[in-house]
1. Using amide H atoms built 1.01 Å from N in the peptide plane, name the residues 5+ places from A:D273, or on other chains, whose amide H lies under 5 Å from its own.
2. Quick check on the exposure proxy: order A:S26, A:S19, A:S458 from fewest to most C-beta atoms within 10 angstrom.
3. Using only the Cα atoms of the protein assembly as shown, construct the convex hull and provide its projected area averaged over every direction, in square nanometres to one decimal.
4. Positive end of the charge dipole of the stretch A:4-285 (Lys, Arg +1 and Asp, Glu -1 on Cβ, about the Cα centre): tell me which of A:I179, A:L150, A:A55 has its Cα farthest that way.
5. Using each residue's phi in the stretch A:58-64, evaluate 6.51 cos²θ - 1.76 cosθ + 1.60 at θ = phi - 60° and report the 3J(HN,Hα) Karplus result to the nearest Hz, with x for Gly and Pro.
6. Sorting A:I11, B:I11 on the 10 Å Cβ count, fewest up front, what's the list?
7. Taking amide H positions as placed in the peptide plane 1.01 Å from N, state which residues far from B:K92 in sequence (5 or more) or on other chains have amide H under 5 Å from it.
8. If you look at just the Cα atoms of the stretch A:229-387, how large are its Rg and its Dmax in Å?
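Here, each number is a calculation from the coordinates, and none is a lab measurement. Owing to the predicted nature of the structure, the values given are computational and were not obtained by experimental measurement. Every residue, glycine as well, gets a Cβ built from its backbone with ideal geometry; the counts of neighbours run over all protein chains shown.
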Amino acid sequence: MQWETVIGLEIHAQLATKSKIFSAASTAYGAEPNSQACLVDLAMPGVLPVLNKRALEMGIAFGLAINAEVPKKSVFARKNYFYPDSPKGYQISQFDLPVVGKGQIEIEVNGEKKIIGVTRAHLEEDAGKSLHEDFHGMTGIDLNRSGTPLLEIVSEPDMRSAAEAIAYAKAIHELVQFIGICDGNLQEGSFRMDVNVSIRRPGEPYGTRTELKNINSFKFVEKAIAYEVDRHIDVIESGGTIVQETRLYDADKDETRSMRAKEEANDYRYFPDPDLLPVMISDEDIEAVRQRLPELPAVLRARFVADYGLSDYDANLLTSSKAMAQYFETMLQTAGDAQAKLCANWMSGELAKSLNRDELAIEASPISATDLAGLVVRIVDNTISGKIAKQVFEAMWQGEGSADQVIEAKGLKQITDSGAIEQIVDEVLAANSQQVEAYKGGQEKMFGFFVGQVMKLSKGQANPAQVNALLKQKLGQ
Amino acid sequence: MSLALAEVKKIAHLAAIAVEPEELDAVGAKLSNILDLFAQLSQADTEGVEPMAHPLDQTQRLREDLVAEVDQRDKFQAIAPATENGLYLVPKVIE
């Protein structure tokens with residue numbers, strides 16, 4: 001009998017505010033240790049936290065983006081535990097009245113769509129960092145990160161495979177960047193995932209789960225789940241039972257390990273933080289955030305398919321970030337909606353390839369959307385062939401000007417004068433009489449050879465359709 | 001209600017407060033008294049009453065998202081027991 005995997009995710013998205021959630025210290029990454037840790041972040045006596053308006057708005061924006069309820073009243077609570085990178089002895093988080101209630105997001109795995117429930121999302125402060133290198137047997141503490149705003153997004157246990165878990169994590173990752181609340185930087189820890197895994201026989205109640213903490217790569221999430229599912233099956237099938245615990249995924253060894261030490265203290269005694277008053281969110285507040293929300297990826301995707309006749313694949317690619325979608329729509333303003341497919345091809349082809357090669361984000365592309373559209377227009381009006389266009393693109397990438405300037409400067413205009421093309425065709429046929437005989441003797445695949453030779457002789461500038469027609473005509477004689 | 005000794009020890013551990021063995025009974029009795037008060041409170045009929053998140057009938061003031069703090073690390077670290085390379089040093093937390 002088969003085992004069914006049950007997975008739920010808790011995602012910590014670092015909110016892209018300038019200052020901390022409860023203090024006016026900077027959140028900039030990579031500063032000198034403790035240079036961005038003020039009295040509030042250090043938990044000095046007598047200080048009071050004051051909530052960052054932007055952090056609250058970002059939480060609301062996420063709620064709206066996943067069609068969740070945003071309650072009128074939101075309350076902060078203390079989560080009590082002792083660890084040196086959390087100097088207050090508690091973390092300010094939310095418990096029974098989080099900023100975002102039940103919502104949902106759609107994922108797609110192997111062409112199949114599925115709705116994943118989001119249980120809730122709450123605001124909280126990040127902890128500092130412990131550096132365990134040897135400081136004469138002591139631990140070094142950097143509190144720059146302490147107080148950085150986080151949105152913890154908790155899913156329902158709706159995922160049934162590692163692939164679904166990854167699709168969900170990527171969908172959330174894409175969404176938080178799209179609505180501009182998180183930079184999504186996995187290396188810098190702006191997006192961290194905790195994975196809850198259990199197995200059961202289909203139809204039976206949930207099995208005991210284990211939690212894999214703090215994974216900051218989609219690949220590691222996948223590997224950690226694979227390892228953990230195998231471990232659960234091994235333990236249960238050999239007559240053992242799974243212990244509910246937190247485990248750490250070790251990427252070097254590709255295994256998960258128990259973190260027993262922290263387990264006994266897992267009693268956080270939440271209570272409302274008396275330093276913070278309840279936050280009241282009015283309908284006007286919510287409406288103001290909704291007004292600023294961009295068109296969401298799922299909506300954009302549907303519109304790109306419906307309005308421009310794009311494939312799901314292209315629509316997915318072009319909505320993978322707000323900047324991509326904007327670039328595409330700017331191209332269409334110049335190239336026209338009828339050229340949507342060709343524009344999409346150039347974005348997913350040459351542009352994506354060059355951006356990857358030079359490790360550039362689309363925002364930093366040396367070729368603007370309008371200029372790339374200008375190139376597409378010249379392909380459509382037969383000034384250049386698709387092949388020559390790649391050459392023009394390369395020159396544009398190197399900063400040699402617009403498509404028209406490059407075509408003019410390099411004399412790349414397509415040859416459409418049939419007299420000129422005929423001359424080249426005749427030349428090629430005369431120089432390759434042996435091949436002509438072979439072709440006439442039935443070797444029809446020789447045709448491609450002639451096309452190649454003509455194109456080569458014309459430096460790629462002969463109009464391919466005319467070349468084909470002329471060759472057919474001459475060889476048919 | 002009377003707290004078991006093990007519960008008193010657990011609470012002390014979670015609060016990171018050292019309670020000497022000879023104090024356990026007295027501390028346990030005080031904690032039990034507090035719990036008794038709450039037991040009494042919980043007899044009140046709260047049907048339809050919204051749980052109170054804060055005794056002040058006010059709402060949270062919000063801060064604009066502006067950086068207003070400057071680096072005062074040197075001053076803060078002057079009163080720390082141990083620092084090195086800008087880090088606060090604490091007793092080792094992992095084995």
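1. A:F76, A:A77, A:R78
2. Values: A:S26 22, A:S19 26, A:S458 19.
Result, fewest neighbours first: A:S458, A:S26, A:S19.
3. On the way: hull surface 157.9 nm².
Directional mean of the projected Cα hull area for the protein assembly as shown stands at 39.5 nm².
4. A:A55
5. Values per residue, Gly and Pro as x: 5, x, 4, 4, 5, x, 5 Hz.
6. Values: A:I11 23, B:I11 17.
Ascending Cβ contact count within 10 Å gives the list B:I11, A:I11.
7. Sorted by chain and number, the residues that satisfy this are A:T139.
8. For the stretch A:229-387, the Cα radius of gyration and maximum Cα-Cα distance read 25.8, 73 Å.
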